[in-house]
1. Once both axes come from the Cα atoms, what is the angle between helix A:33-43 and the longest principal axis of chain A, in degrees from 0 to 90, rounded to 10?
2. With r as the distance between the Cβ atoms of A:L64 and C:L28 and R0 = 41 Å, compute the FRET efficiency 1/(1 + (r/R0)^6) and round to 0.05.
3. Most fluctuating residue of A:S62, A:S51, A:S15 in a GNM of chain A with Cα springs under 10 Å: which is it?
4. State the Cα centre-to-centre distance between region B:108-125 and region C:17-55 in whole Å.
5. Using a Gaussian network model of chain B with C-alpha springs under 10 Å, which one of B:G64, B:G56, B:G14 is most mobile by mean-square fluctuation?
6. Apply the Debye scattering formula to the protein assembly as shown, with a single equal point scatterer on each alpha-carbon and no solvent, then give log10 I(q)/I(0) at q = 0.12, 0.15 Å⁻¹.
7. Per-residue Cβ counts within 10 Å, from other chains only, averaged over A:74-87: what number is that?
8. Assigning unit charges at the beta carbon (Lys, Arg +1; Asp, Glu -1) and nothing else, what dipole magnitude in debye, to the nearest 20, does chain C show about its Cα centre?
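Coordinate-derived values only; no laboratory data. Here the structure is a predicted model, which is why all the values come from computation and not from measurement. Here the Cβ is made from the backbone with ideal geometry for all residues, glycine too, and neighbour counts use every protein chain on show.
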Amino acid sequence: MSGKLKLTEGIILGSIAAVVFVVAITIVAELAAPLKGWLKNTFYHHWIGKSLIAVIVFAGFSVLAFAIPHKASLEGINRLLLVLVALVLLGALVIFGFFSYETFLK
Amino acid sequence: MDLRTFITIAHITGTVLGVGATTFVEVFYLRFLRDGKIDPLENDILKVFYQIIRLGLVILVFSGFGYLVMWRLNFLGPVVFFSDRFLAKITVILVLLTVAFAINFRLVNHRVGSAITIVSWYGAMILGIWRKIPYPYYAIISVYAILTIVAYFVLRYLESRASAKHK
Amino acid sequence: MNPLFLNALVWHIFLGIAAIIIFAGLPLLLRGKKLNTGLLKVYSFIGFFGFVGSWITGGYYYSFYYGKAIKGGILAGTTPWVHEILMESKEHVFLFLPFLAFVVLVIVNFFSKELVTNAKLRMNLILLSVAIVTLGIVITLCGFAISGSVVGKH
């Protein structure tokens with residue numbers, strides 16, 4: 001049971017990291033042309049690069065959170081789920097807001 | 001049978017199930033209210049109708065996307081996708097989905113939910129059939145909103161009449 | 001458009017919509033007094049694999065076809081913001097969904113017994129599913145606008 005709890009906490013933390021990464025790389029790559037260029041040159045398309053790195057970030061954080069000794073609980077999972085939902089909605093608003101700003105206000 | 005015919009049959013089937021079950025759920029609900037309460041057997045009957053409504057909604061959404069894919073592949077563009085009729089229909093379907101969810105989680109009372117559901121289903125059907133509707137988006141949505149308010153008061157009157165028979 | 005891109009576009013839409021419908025149904029299953037954990041597991045699998053399938057097929061269409069054949073036409077048309085805002089946002093916000101779906105899949109399969117007894121976990125899973133459906137619908141509406149802005153044969 002504790003293994004399942006730890007793994008699940010790790011997977012939720014990995015998802016939180018992936019969401020934060022996607023928001024960050026989306027904005028930074030638009031503002032820093034060399035980064036977008038590197039993603040494009042390395043992965044054929046910047047979006048493929050972002051997708052693959054997001055999967056790596058997710059897996060890395062999940063494994064890391066699972067490996068670091070800590071006491072996992074259902075309470076912890078409940079708290080992390082709320083953080084994930086809040087970040088996902090905020091992240092979506094930031095992305096839409098950023099591209100709206102770039103298009104109409106900049 | 002070609003793909004377009006199949007999608008049309010599915011779309012009409014979804015609409016028929018949705019409009020029909022929504023109508024009957026109201027008729028039966030008012031009928032069941034005559035003794036002042038909804039007993040477990042009556043509740044089970046209503047549940048069957050709600051399942052048919054959900055099935056209709058799923059068929060309607062899937063077949064609706066079938067149409068969209070065909071429009072996209074035929075490059076029909078803004079003339080169809082941004083038409084007042086299509087935008088109004090999408091609005092009505094989104095309201096229908098939101099209210100279906102709200103009813104299931106008891107976030108709206110039964111009468112408000114019923115009024116919106118019944119007007120939305122008939123609205124979606126009419127917008128589907130009336131292909132050359134000459135009115136702009138805002139006019140269509142205004143009529144939809146007014147009809148929903150009217151439906152609410154009609155349902156309130158019918159419910160109080162049904163309950164009065166019991167008293 | 002060759003048959004491969006055509007299939008990629010059609011499957012992207014079909015799998016994405018199937019996943020959204022599945023995640024709209026999941027809260028209804030979680031709401032009942034008696035949980036059908038078997039069905040919950042089936043839903044979570046279909047939902048997750050639906051989004052993964054939509055990711056791969058949509059990604060293939062977007063990366064190898066859209067940029068070359070469609071994007072220029074939209075930018076040159078009357079509604080360039082459809083690409084600049086809606087497509088740009090849609091392609092990035094979509095990346096959240098497979099991870100969120102995976103979290104649902106893991107919780108439903110690891111904690112099916114706890115879901116029966118722990119109302120808080122059930123509620124949070126409903127919230128997560130609603131977030132997935134909300135984003136899914138927003139992305140779908142962006143897809144309508146993008147498809148509607150495509151003019152002329154490619």
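1. In chain A, helix A:33-43 runs at an angle near 70 degrees to the longest axis.
2. So, using R0 = 41 Å, E works out to roughly 0.70.
3. Comparing A:S62, A:S51, A:S15 in the GNM, the peak value goes to A:S51.
4. One Cα centre to the other: 26 Å.
5. Judging by the Gaussian network model, the answer is B:G64.
6. -1.09, -1.48
7. Mean inter-chain Cβ contacts per residue within 10 Å come to 5.
8. 520 debye
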